[in-house]
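A short write-up of the structure that comes next.
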Amino acid sequence: MTPDPRYGGPVPGRYWDRAVELISSSDEIALACHISPDGDALGSMLAVGLALRAAGKQVTASFGERRFTVPRLLRFLPGQDLLVEPGDYPAAPELMVTFDVPIVDRLGMLSGNAGKARELVVVDHHRSNTGFGTVNLVDPAAAATAVLAEDLIHRLGLPVDRAVATGLYAGLVTDTGSFRHSSTTPGVHAMAARLLATGLNPEEIARELWDRSPFGYLKVLGAVLDRVKLEPEVGGGLVWTFVTRADRAAYGLPYDEVEGIIDVVRRTDEADVAVILKEDDDGAWQVSTRSKGGVDVSRVCSALGGGGHTKAAGFTSHLPVEQTMAGLRALL
Ligand code: 5GP
Ligand code: MN
């Protein structure tokens with residue numbers, strides 16, 4: 001199938017047909033999502049994985065991290081038993097399907113497996129998607145990869161039970177910011193209605209995703225907010241802070257627990273752009289950026305080797321905090 005990168009508009013019908021044909025005719029299917037998975041990446045992957053397993057397929061699912069652990073806040077997602085460590089993943093899958101992955105690099109350790117896959121179905125909604133699959137189910141207009149995952153499950157003729165719906169719902173609420181982002185179309189609410197009708201518990205899902213953390217989180221949040229800086233003269237206003245490995249270590253806080261701090265920082269009225277630099281366990285800085293619309297942060301982050309969406313993007317930096325910020329300021 002012709003790769004068709006960076007196109008707008010819905011996925012062509014013949015792409016869907018080809019994906020359905022490939023999946024229906026395979027007994028073994030290897031699924032993958034991006035490293036540092038969020039609710040959309042892992043939720044979409046596990047939802048499709050559960051639906052396929054119920055249909056009798058042998059399913060393997062993973063993401064390519066050396067220190068393979070599921071973020072604490074995503075451990076409630078049904079289907080964790082589908083997961084294998086990247087080292088145990090098929091080296092050259094006959095059929096591999098990726099979720100929420102815009103570029104091969106975001107597969108981390110599984111990039112090589114994708115390169116050797118005979119057929120590679122890419123399910124994604126990033127505008128920056130490079131079309132690296134043999135079949136690309138990529139729709140930048142979709143509010144979440146979960147929207148495309150639900151469509152795929154329906155086209156395969158498979159049922160969406162409560163467990164499958166939980167993964168899809170986690171993806172939908174994560175990427176729409178709990179139905180707050182402009183991506184929240186009538187279609188998004190219609191999908192939410194279909195998922196709720198399976199009997200899932202939205203309160204429980206919201207609490208798992210956003211409303212709980214260990215006590216140490218409050219102490220780290222305090223330290224991180226204490227050092228926040230506002231630079232009104234940069235772009236439409238820039239607010240930024242950082243969280244070090246040492247900050248987290250003082251309270252035994254794993255990396256994924258600090259992922260939500262950006263949502264506090266970006267509240268700032270005086271800033272169009274919010275940035276947080278998070279030092280991971282390897283000492284690399286994972287930079288998260290958010291914009292209220294004045295700046296396209298996906299362009300800024302792409303220029304720095306990352307990517308993402310217009311209003312939410314990121315990149316990895318191996319430079320000290322001040323140098324990374326100097327690079328960002330120059331682009332803003
Ligand atoms: P977050 O800040 O929540 O980690 O990521 C926001 C958005 O930016 C997501 O859509 C994510 O896919 C993208 N993103 C974050 N970090 C990176 C990165 O290092 N590379 C790329 N290509 N995209 C990233
Ligand atoms: Mn997504």
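The values are calculated or read from the model by the stated rules, or taken from the named source; none is laboratory data. None of these values were measured; they are calculated from a predicted model. Virtual Cβ from ideal backbone geometry, glycine too; neighbours counted across all protein chains shown. Calculation scope for accessible area: heavy atoms of the full protein, side chains included, ligands and nucleic acids excluded. Shrake-Rupley method; radii C 1.70, N 1.55, O 1.52, S 1.80 Å.
Some notes on this structure:
- Each other residue within a Cβ distance under 14 Å of Arg227 adds +1 if Lys or Arg and -1 if Asp or Glu, for a net charge of -2.
- Tensor-based shape of segment 97-196 (alpha-carbon gyration tensor, a/c under 1.5 rounded, otherwise prolate or oblate): prolate
- Net lengthening on full extension, Arg194/Glu233 (0.36 nm per residue, minus Cα-Cα): 9.4 nm
- The residues packed around Asp100, meaning those with a beta-carbon under 11 Å from its beta-carbon, carry a net charge of -3 if Lys and Arg are +1 and Asp and Glu are -1.
- Looking at the chain, the DSSP beta bridges with both ends there are about 40 percent antiparallel.
- Calculated P(r) of segment 215-331 - Cα pairs past 26 Å, %: 13
- Accessible-area composition of the chain, carbon plus sulfur, in percent [1.4 Å probe]: 51
- Choice from Leu120, Leu225, Leu31 with maximal GNM fluctuation in the chain (Cα, 10 Å cutoff): Leu225
- Shape category assigned to segment 25-98 from the gyration tensor of Cα positions, a/c cut at 1.5: oblate
- Sparsely packed loop sites in segment 223-330 (the trypsin sites (Lys or Arg not before Pro) outside DSSP H, G, I, E and B with at most 13 other Cβ atoms within 10 Å) comprise Arg227, Arg267.
- The chain - accessible surface per residue (Å², probe 1.4 Å): 43
- With the charge dipole of the chain set up from +1 on Lys and Arg Cβ and -1 on Asp and Glu Cβ about the Cα centre, the Cα lying farthest toward the positive end among the listed residues Val164, Pro10, Val220 is that of Pro10.
- Between segment 42-75 and segment 112-175, the C-alpha centres lie 13 angstrom from each other.
- Bridge orientation summary for segment 215-331: considering DSSP beta bridges with both residues in this region, about 75 percent are antiparallel.
- Chymotrypsin sites (Phe, Trp or Tyr not before Pro) restricted to segment 142-247 and DSSP loop, no more than 11 other C-beta within 10 Å: Phe215
- Take the Cα radius of gyration of the chain and divide it by 2.2 N^0.38 Å, N being the number of residues; the result is 0.97.
- Relative contact order of segment 1-116: 33 percent, from C-alpha pairs under 8 Å at least 6 residues apart in sequence.
- Here Ser302 sits with roughly 60 square angstrom of accessible surface, probe radius 1.4 Å.
- Note on Arg212: accessible area is roughly 110 Å² with a 1.4 Å probe, heavy atoms of protein only.
- Charged-residue dipole, Cβ positions (Lys, Arg, Asp, Glu), segment 13-209 about Cα centre, Debye nearest 20: 160
- Taking a ≥ b ≥ c as the square roots of the eigenvalues of the Cα gyration tensor, segment 13-209 is rounded, since a/c falls below 1.5.
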